[in-house]
Amino acid sequence: MCNTASSPLSTSHHLLNPIKPMDDEDEDDEDKTSHQHLHRLPTLSEGNISEARIDETQQAKRVHLCAQFEYSAYCSSSSCCCCVVSMVFLGTLGELPLAAGSLAIGFANITGYSVLSGLAMGMEPICGQAFGAGRPDLLALTLHRAVLLLLLASLPIALLWLFLMHRILLLSGQDPAIAGAARAFIACSVPDLVLLSFLHPLRIYLRAQSVTAPVAACSAASVLLHGPLNYLLVHRLRMGIAGVALASVLTNLNLFLSLLAFLLLLPNPNRRSCWLLPGPDCLRGWSNLLRLAVPTCVSVCLEWWWYELMIVLCGLLANPTATVASMGILIQTTSLVYVFPSSLGLGASTRVGNELGAGRPARARRAALVALALAGATGLAAMAFAASVRHAWGRMFTSDADILRLTATALPIAGLCELGNCPQTAGCGVLRGSARPSAGAHINLGSFYLVGMPVAVGLAFVARMGFTGLWLGLLAAQASCAALMFYAVASTDWLLEVQKAKQLTQPPPPPPAAAYSSSSSSSSSSSPSPSPSPSPSNGSSNNNNSNDTYNDAINGHTNESSSTIKIKNGTSDEDEGDYKLAKLDEVVVCIHNGCHEEEDEKRAPFENDHPLIYL
């Protein structure tokens with residue numbers, strides 16, 4: 001079982017854990033009574049948020065609402081609101097800049113932003129479960145490794161944007177005028193890659209510890225400057241489409257600097273427990289991060305690329321300028337609506353990861369079910385919103401009649417897509433929190449590219465339904481994805497996931513010791529007493545005996561049935577009736593009756609200086 005000792009990260013007064021900790025004894029009792037339900041699909045009554053789950057719902061809401069506020073504010077500043085404001089300013093420049101900006105944003109999402117976002121999400125299960133298991137050192141190391149990983153990934157992406165984008169767009173059949181303007185837009189967006197390499201891991205690192213208010217406050221401050229920056233660069237300095245791209249870069253720069261100032265300048269007596277400076281350790285031990293980051297990136301990209309490929313396919317339809325511009329407006333609209341299910345998925349990922357790391361499978365399961373139920377309600381609200389604004393929404397961006405007609409036709413279908421997108425996004429968050437990104441990647445691959453893509457291409461180009469056919473293909477993809485995601489979450493073996501979480505967050509093995517002396521038992525006595533420590537002159541046999549005793553200690557085995565073995569400086573002593581902790585070079589070992597038992601007061605003197613091995 002993981003370490004349940006008091007630490008700065010487990011106190012309710014700590015800045016990074018504002019939520020009141022749960023009663024472990026109550027949780028253990030509840031888990032025992034709930035274990036029989038952890039291997040089967042939920043019943044119909046379990047799908048509802050009943051009175052029996054009021055306490056769980058309130059706690060889930062606290063995590064969800066914090067994550068929702070944080071992510072809503074951030075998305076409004078750096079992706080959703082910024083993109084909507086950018087589209088408005090692109091629309092003021094004319095039809096061609098609007099189409100070129102939409103195409104450039106789509107290309108940037110396909111080749112860059114989705115890759116960085118997906119790689120960063122690979123640290124979510126590690127951070128969430130590490131926080132639940134009380135491993136602040138693993139939190140900090142994962143942050144450093146993720147930043148380095150994203151910076152390395154940004155290098156080839158930047159080269160692609162600067163030297164190959166224009167040629168790729170022309171080879172894909174895009175209009176040369178639109179492709180040329182899109183190249184100018186994306187060239188000015190290259191610095192955004194560096195900023196997002198820091199912002200994505202930093203937000204996940206803070207969210208795993210339920211620190212959402214600072215991100216929301218910093219995001220709100222940066223978004224207030226986005227509109228004035230666009231006006232200054234686009235109209236006052238007359239930078240045109242390049243000014244829109246630079247305004248987004250400066251907004252992300254403001255957000256990063258404000259978050260950095262919060263972390264470095266705010267007084268925090270417990271900062272050393274949760275914030276470690278980069279060291280040599282961040283350059284090694286990448287296996288767990290890469291094992292989770294790569295399939296998470298694939299899962300995110302498969303879904304994200306579908307939306308952006310729709311913009312590319314729009315360029316192959318009749319009247320490509322109008323269809324590309326209308327698709328850009330609709331994509332930004334769905335991104336705005338996506339704030340709510342995305343924040344729910346982020347809250348579910350954090351909550352499920354924390355509970356699995358703390359060894360509470362029943363609470364992790366109920367948090368997942370609550371997330372799916374709330375996601376269904378969110379999908380209904382999103383569908384109603386899209387249908388109600390179908391005729392008025394497009395006028396916020398343009399007055400072109402063709403663009404307005406296409407937008408009004410597709411908005412109700414986009415609302416139906418959100419009815420499936422919201423539950424599948426929440427389910428994907430549950431899979432991330434339980435460190436199962438490969439399942440999400442397989443679901444997205446099958447849903448979007450084996451179901452959605454053939455339907456979209458067939459309806460748009462074979463059945464000649466055009467723009468509407470593309471959106472019907474997306475509807476088919478979202479419906480199948482939601483069904484598969486629900487089955488994956490509902491059939492989860494939560495007891496098995498707890499065991500996997502323990503393996504993921506376990507501390508590294510101790511450094512090998514040179515030699516440990518041991519005692520040898522007398523042969524036939526029922527309660528053998530340990531022999532005195534052998535003298536150094538015994539040579540190699542002493543080394544063999546010492547290694548055997550040390551290995552037995554590490555494996556949790558003792559020859560005594562009712563005594564405590566104290567291993568210290570190469571000697572073993574028997575001490576009945578009490579625990580003894582001994583400093584073994586840099587490791588503290590406590591063995592009692594062949595198993596591990598904790599006593600906080602007795603291990604406190606060694607806790608700050610030496611790691612503990614629990615057997």
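Quick note: the coordinates plus some simple rules give every number you see, no bench work behind them. This one's a predicted model, so the numbers in the text were calculated from it and none came from an experiment. So basically every Cβ, Gly included, is an ideal-geometry build from the backbone, and we count neighbours across all protein chains shown.
Extension gain for H391-D137 works out to 86.2 nm (0.36 nm per residue, less the C-alpha to C-alpha distance). Averaging the sequence gap over all C-alpha pairs within less than 8 Å and six or more residues apart, then dividing by the number of residues, gives the stretch 365-476 a relative contact order of 27 percent. Stokes-Einstein diffusion for the stretch 338-444 at 4 °C, viscosity 1.567 mPa s, with a Kirkwood radius from C-alpha pairs, works out to 86 µm²/s.
With 5 Å bins beginning at zero, the pair-distance distribution over Cα atoms of the stretch 209-364 amounts to 1, 7, 8, 11, 16, 19, 15, 10, 7, 4, 2, 1, 0 %.
Compactness of the stretch 377-491, taken as the C-alpha radius of gyration over 2.2 N^0.38 Å, stands at 1.18.
Rg to Rh for the stretch 421-483: what is it, with Cα atoms only and Rh by Kirkwood? Rg/Rh: 1.10.
Paramagnetic label reach from A377 (point 7 Å along Cα→Cβ; backbone nitrogen cut-off under 20 Å): within the stretch 423-467, residues 423-430. Efficiency by 1/(1 + (r/R0)^6): what FRET value for H442 and R238, r their Cβ-Cβ distance, R0 = 60 Å, to the nearest 0.05? Plugging the Cβ-Cβ distance into 1/(1 + (r/R0)^6) gives 0.75.
What's the local net charge at L98, with K and R +1, D and E -1, over the other residues with C-beta under 15 Å away?
-3
Separation of the stretch 343-387 and the stretch 163-241, taken as the distance between their Cα centroids, equals 29 angstrom. Take the Cβ atoms of Q503 and L253, set R0 to 51 Å, and the FRET efficiency comes out at 0.85. Sorted on the mean count of surrounding Cβ atoms within 10 Å across their residues, most packed first, peptides 244-254, 457-467 read 244-254, 457-467. Let's test the formula: R0 of 51 Å, r as the Cβ-Cβ distance of A177 and L495. What FRET efficiency results, to the nearest 0.05? Step by step, r from the Cβ atoms, then E = 0.30.
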